[in-house]
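The values are calculated or read from the model by the stated rules, or taken from the named source; none is laboratory data. The structure displayed is predicted, hence computed values, not measured ones. As a convention, Cβ positions derive from the backbone with ideal geometry for all residues, glycine included, and neighbour counts pool all protein chains shown. Each accessible area value is taken on the protein alone, full model and side chains, heavy atoms only, with ligands, DNA and RNA left out. Shrake-Rupley method; radii C 1.70, N 1.55, O 1.52, S 1.80 Å.
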Amino acid sequence: MTEQTLEHFWQEFFALPHISPGGPDSIFRGVTDLNHQLIPSIGRNTKENTYGDIETLEEDILNEFKRLTVPLLKNPPKSEFEWLFLAQHYGLPTRLLDWSSNPLVALFFATERNDNKDGCIYYLKHAVTDQYDLFDYKTVTYTKEQAATPVGIFSIQPHQGNFIFVRPRYTDERYINQKSVFSCPKDPFNPLNISDIKTITIKSFWKPEIRCRLRMLGISTSFIYPGLAGIAAEIKSHQFNPVANGHMQIMTLRAELKLS
């Protein structure tokens with residue numbers, strides 16, 4: 001019965017609208033716990049201690065990140081959004097949420113851990129822009145310079161002023177492999193409010209099998225996180241964790257040969 005239900009999930013998953021020729025992009029976000037809300041990391045558990053205004057904390061974090069990383073970077077970011085992308089890339093709390101234009105990548109993130117909790121994939125069709133330099137990430141609308149230009153500006157984001165979806169320039173292997181897209185809200189404390197967003201649920205006990213199938217499709221930890229850290233994490237995920245979590249047993253047999 002479990003296998004049949006999982007097969008029904010695969011049918012539903014591969015029917016997702018992952019191709020959008022000539023229209024808004026289909027974008028996907030996988031979460032390992034379906035109770036997780038679409039709130040970016042900087043807005044989680046910080047509203048009370050920032051009196052509902054994240055700006056000072058956000059600027060302090062980003063300025064310190066810039067100060068300490070500039071000496072290490074061959075090509076420092078050229079815009080505030082590019083600094084946000086880099087900070088998000090290395091795990092700093094930001095107002096960005098990770099999405100992908102590849103549903104298999106979202107499925108990986110929905111199943112990579114928390115095998116005792118149901119996960120889910122959020123998906124929708126929405127305009128995505130790589131012209132992020134037009135926008136102020138705090139107000140998620142045009143910068144003062146862009147708004148003042150005499151050239152007519154057409155709206156490339158239908159919900160700008162509330163949130164926008166931006167795509168980094170794929171200069172990093174991780175961005176390429178993950179087909180990265182980010183949502184950026186004006187209000188990072190509350191869940192992203194999109195009327196036509198949909199979800200598909202992933203049962204907790206499907207996760208180990210889905211990870212195996214994804215690995216066969218080339219979507220593995222070392223693909224999602226290129227480099228030595230990703231390789232080590234993949235070996236741990238597929239060879240150590242199943243034993244530690246009770247999903248696999250390994251017996252070591254030893255034989256002693258005595259010659260008289």
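For this structure, a couple of remarks:
- Entry remark, segment 82-112: residues being part of a helix (DSSP H, G or I) and closer than 18 Å to Arg167 by Cβ number 13 in total.
- Selection within segment 108-132 - among the acidic types (Asp, Glu) and modelled with pLDDT of 90 or more: Glu112, Asp115, Asp118
- Flag if Leu124 is in contact (Cβ under 8 Å) with a residue 60 or more places away in the chain and of a type in the set (A, V, I, L, M): yes
- Residue among Lys117, Lys78, Lys74 that alone is open to solvent by 90 Å² or more (accessible area, probe 1.4 Å), part of a loop (DSSP other than H, G, I, E, B) and either of a type in the set (Asp, Glu) or under 28 Å from Asp187 (Cβ atoms) (or both): Lys78
- Considering segment 226-260, and only residues there that are touching a helix residue (DSSP H, G or I) at 6+ places or on another chain (Cβ under 6 Å) and open to solvent by less than 100 Å² (accessible area, probe 1.4 Å), the residue that is modelled with the highest pLDDT turns out to be Pro226.
- From Asp187, Asp172, residue being charged (D, E, K, R), at pLDDT 95 or above and out of contact with any Leu (no Cβ under 7 Å at 6 or more places or on another chain): Asp187
- Identification of strands (runs of 3 or more DSSP E) wholly contained in segment 157-211 with 3 or more residues that are touching a Pro at 6+ places or on another chain (Cβ under 8 Å) and at negative phi yields 180-185.
- Across segment 85-99, the qualifying residues are those that are open to solvent by less than 20 Å² (accessible area, probe 1.4 Å) and at pLDDT below 95, and the one among them that is farthest from Asp133 (Cα to Cα) is Ala87.
- Residues satisfying the stated conditions in segment 25-59, i.e. touching a Gly at 6+ places or on another chain (Cβ under 8 Å) and not charged (D, E, K, R): Gly30, Val31, Thr32, Leu34, Ile54
- In this entry, Arg213 passes the filter for residues that are modelled with pLDDT of 85 or more, among the basic types (Lys, Arg) and surrounded by fewer than 18 Cβ atoms within 10 Å (Cβ to Cβ).
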